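Notes follow once the structure below has been shown.
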Amino acid sequence: MDIPRGESGRRTRLKYWLFAGLGLSALIVTLQAFQRPESPLLERENIWTDTVKRGLVIREIRGTGSLQARNPLWVTALSAGRVHRVFLRPGVPVEPDTLLLTLTNPHLEQAHREAQLALQSARSDFQSLEARLERERVQQSTEISLAEQAAREARLDSEAQTHLHREGVVSEIVAKRARIKLEIAETKLNLERTRADQLTTLIAAERAAARTNLQRLEQVVELRYEECEALTVRAGTTGLLQQLPWESGRQVSAGDLLALIAKPDDLRAELSIPETRVREIVVGQPVRIDTRGAVIRGRVERIDPVARNGAVRVDVALPESLPAEARLDLTVDGVIELERLESVLHVSRPAFGAPFSQTNMFRLADHGNTAERVTVTFGAASVRTIEIKAGLSEHDRVILSDTSKWPEANQLRLR
């Protein structure tokens with residue numbers, strides 16, 4: 001007897017197709033899991049490559065700056081005053097007697113006139129003093145002459161009275177009176193001579209004091225004159241006027257900086273170097289200064305001990321003979337040579353990677369159609385090249401362009 005299979009057969013076929021679909025899906029997932037993704041494709045004209053070489057690597061530091069005068073001269077105000085007139089503007093060549101500006105100060109002019117009057121009065125007083133001292137000297141000389149004459153007469157009289165006393169003509173009292181008169185006359189003569197010596201010393205002292213006062217007043221007059229003359233400001237040297245930031249009517253104090261004058265043919269370069277790199281710079285290192293029209297060779301002559309805004313100023317000495325385009329305040333680029341590394345592997349500096357670090361690069365295969373990821377260790381670097389410590393060999397070709405957009409790719413395709 002036959003039994004119908006309709007419902008049971010359909011369920012069997014449904015299970016069969018269900019298991020077949022699940023198996024096919026698992027196979028597809030497995031194949032996708034083991035299949036490698038296709039490598040990124042790059043256009044050759046859009047990438048930058050270079051070949052690893054062995055040779056000289058010059059470690060350098062680049063900085064920017066300007067050409068400045070080696071010994072600029074600041075013209076300072078010797079006198080206070082108000083700016084009356086400005087005659088020149090920056091950029092004009094000047095000579096020592098070139099007039100820059102004039103100042104006015106009525107108080108200084110009045111002080112000069114008063115000093116002149118005081119000097120004239122002192123000179124008149126000195127002449128009066130000289131006349132008085134001469135009169136006193138003559139009078140004292142007369143007193144000495146009279147005293148000397150009186151002493152001589154007393155001596156003659158004493159000698160005569162003594163002789164007459166011996167002859168018995170006069171008494172002893174008369175002779176003694178004559179001797180006493182002689183002693184008085186000689187004492188007076190000695191006093192007059194002492195007074196003459198004192199008068200000579202006094203005259204010299206008064207004359208010296210008067211002359212000292214005259215010299216002091218003459219110096220005051222000269223000082224006041226110089227202060228008035230300083231109201232007319234001149235360059236004082238030969239050079240190029242760089243700064244003159246004053247206008248008519250402005251008040252100037254003594255000591256203010258009025259103008260800056262520099263010699264345009266005596267220049268140095270002032271470079272700004274990052275403070276993190278300046279420790280490698282020493283005085284005497286060679287420097288190339290690029291004026292964008294010529295390259296000037298120089299040497300480091302000074303390193304500023306203080307950093308400002310994250311940078312340190314480095315002064316570069318330049319030769320006396322400079323190209324025609326070299327001028328004051330010209331913006332320049334400078335390259336300081338730090339060290340020369342002989343016979344080392346090097347390549348042009350890539351867009352990534354720092355000196356003495358490790359990074360990934362793509363090395364081109366021999367056929368040039370693919371590039372494989374390799375780990376490279378960098379050493380010292382210059383402005384344009386970097387040393388290869390490990391990971392590459394001489395003649396290897398590598399991609400220097402930025403490849404950070406493919407961090408998971410181990411291979412790149414080129415066309």
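The values are calculated or read from the model by the stated rules, or taken from the named source; none is laboratory data. All figures in this text were calculated on a predicted structure; none of them were measured in a lab. Ideal geometry is used to build each Cβ from the backbone, glycine not excepted, and the neighbour counts take in all protein chains shown.
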Item to check | Qualifying position, being in the same structural domain as Glu222 (by TED's automatic domain parsing) and either under 30 Å from the mean Cα position of the chain (by Cα) or β-branched (Val, Ile, Thr) (or both), among Thr142, Thr76 | outcome: Thr142
Checklist entry - What number goes with the only condition from (1) surrounded by 15 or more Cβ atoms within 10 Å (Cβ to Cβ); (2) free of Cβ contacts under 8 Å to residues at least 24 places away in the same chain; (3) among the polar types (S, T, N, Q) that Thr102 does not pass? => result (2)
Item to check | Qualifying strands (runs of 3 or more DSSP E) (wholly inside the stretch 317-393; at least 1 residues being in the same structural domain as Val57 (by TED's automatic domain parsing) and at pLDDT below 85) | outcome: 370-381
Checklist entry - For residues in the stretch 394-409 being farther than 12 Å from His346 by Cβ and not in a loop (DSSP other than H, G, I, E, B), which is modelled with the lowest pLDDT? => result Ile399
Next on the checklist: Given the condition closer than 30 Å to Gly81 by Cβ and not in a loop (DSSP other than H, G, I, E, B), answer yes or no: does some residue in the stretch 289-310 qualify?
Outcome noted: no
Checklist entry - Any residue in the stretch 174-181 that is touching a Leu at 6+ places or on another chain (Cβ under 7 Å), of a type in the set (A, V, I, L, M), farther than 23 Å from Glu222 by Cβ and crowded, with 17+ Cβ neighbours inside 10 Å? => result no
Item to check | Candidates Leu108, Leu56, Leu88, Leu100, filtered to the one that is of a type in the set (A, V, I, L, M, F, W, C) and part of a helix (DSSP H, G or I) | outcome: Leu108
Checklist entry - Would a scan of the stretch 193-206 turn up a residue that is assigned to a helix (DSSP H, G or I), more than 30 Å from Ala122 (Cβ to Cβ) and not polar (S, T, N, Q)? => result yes
